[in-house]
Structure formats: structure tokens, C-alpha cells
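Nothing in this text is a laboratory measurement; each read-out follows from the coordinates by a stated rule. These figures come from a predicted structure and were not determined experimentally. No Cβ is skipped: glycine too gets one built from the backbone with ideal geometry, and neighbour counts run over all protein chains shown.
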Amino acid sequence: MARVGRAEISLAQGDHALAEAASARAAGAFAAMGHAALEADALRVMALARVRRGDAPGARAPLERAVALAGRAEDRLVLAECLLARAEAARARRDIGAARADAAEAVRLFELLGAAEPLADARALLADVGAAGRGPR
């Protein structure tokens, strides 16, 4: 878990290469141990690092796996975080419909969990893609 935390710090500091490498190592370790939710979380961070360095298409497969793993693990918080990351990647690929659907589901889950900070992030992304989907007036 500490590796994912360090990877998230690197991501927040803009060191996308370090974040991707650290989270990829963590995902492999968690997969070997059979910890689906932790693997999903590490894959989420790895994918976000790719999105933020401009490789949204390269984030697609790890995010699909992350969402599937979190769903199987029945970890709603990790699932919501993975959906929010997948929404961010979809927005970066200009797939507004997919971004809107994932952001809306992330909002629903964060509301159920009472997770205020990520809920605000999910609502902001949902508002952003909602505005993008309406186009110019």
C-alpha cells in the first residue's frame, strides 16, 4: 500500500514517469498476492499517470482491468475512484458520453459512501463533461 501512496504523491507532484513505474510495480505485487482491490487501485494510479502525460489511449486497458477488479472485490470506494479515473481518461480521449456515464456512477457511489472530497472532484468532472456535451449555443 505504501508504494501506491508514494506513486500518488509522485502523480500529484507531476512526476508522471515515477508514478507510473511505482504503481506498475505495486500492481504486479498485489496481483501476485491476490489482492484485487489493491491491484485495482495501483492500476488506477498507473493509468492516471499515463493520462496526465498525454497517453489517454494507453490508460484504457489498465482502467478496464481496474474497474473489473474493484467490482469483483466489491470495494465501492476503489470502484468509484477507478470510475472517476476512467471518466478522466475518456474526457482526455474526447469520448464525452463515456466520461459522463463513468463520472455519474462515481458521483452516485461517492454519495453513498459519504466521501466528500472525491465527490466534489467527480461532480466537477461531471459538470465539465456535461458542458462539453452541450456544445456552443
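Name all residues of segment 86-124 having a backbone nitrogen under 17 Å from the label point set 7 Å from the Cα of Leu77 along its Cα→Cβ direction, giving them as ranges.
Counting backbone N atoms under 17 Å from the label point, the list is 106-122.
Using just the helices of the chain, give the 222 nm mean residue ellipticity in deg cm²/dmol: DSSP H runs with n ≥ 4 each add -39,500 (n - 2.57), and the total is spread over all residues, rounded to 500.
Roughly -29000 deg cm²/dmol at 222 nm, from the helical runs in the chain.
Could you identify which residue out of Leu43, Leu63, Leu77 has the top mean-square fluctuation in a GNM of the chain using Cα springs shorter than 10 Å?
Leu77
Each residue of segment 73-86 in turn: what ³J(HN,Hα) in whole Hz from Karplus with 6.51, -1.76, 1.60 and θ = phi - 60°, glycine and Pro shown as x?
Values, residue by residue: 6, 6, 9, 5, 5, 5, 4, 4, 5, 5, 5, 5, 5, 5 Hz.
Taking 0.36 nm per residue of sequence separation and subtracting the Cα-Cα distance, how much length would be gained by fully extending the chain between Ala127 and Leu113, in nm to one decimal?
Taking 0.36 nm per residue and subtracting the Cα distance, the gain is 3.0 nm.
Which of Ala47, Ala80, Ala116 ends up with the largest GNM mean-square fluctuation for the chain, with Cα atoms connected below 10 Å?
Comparing Ala47, Ala80, Ala116 in the GNM, the peak value goes to Ala116.
Select from segment 39-136 those GluC sites (Glu not before Pro) which occupy a DSSP coil region and have at most 16 other Cβ atoms within 10 Å, ordered by residue number.
Glu74
In degrees, nearest 10, range 0 to 90: what is the angle between the Cα axis of helix 116-134 and the longest Cα principal axis of the chain?
50
Angle between the Cα long axis of helix 36-52 and the longest principal axis of the chain, 0 to 90 degrees, nearest 10?
Compared with the principal axis, the helix lies near 60 degrees.
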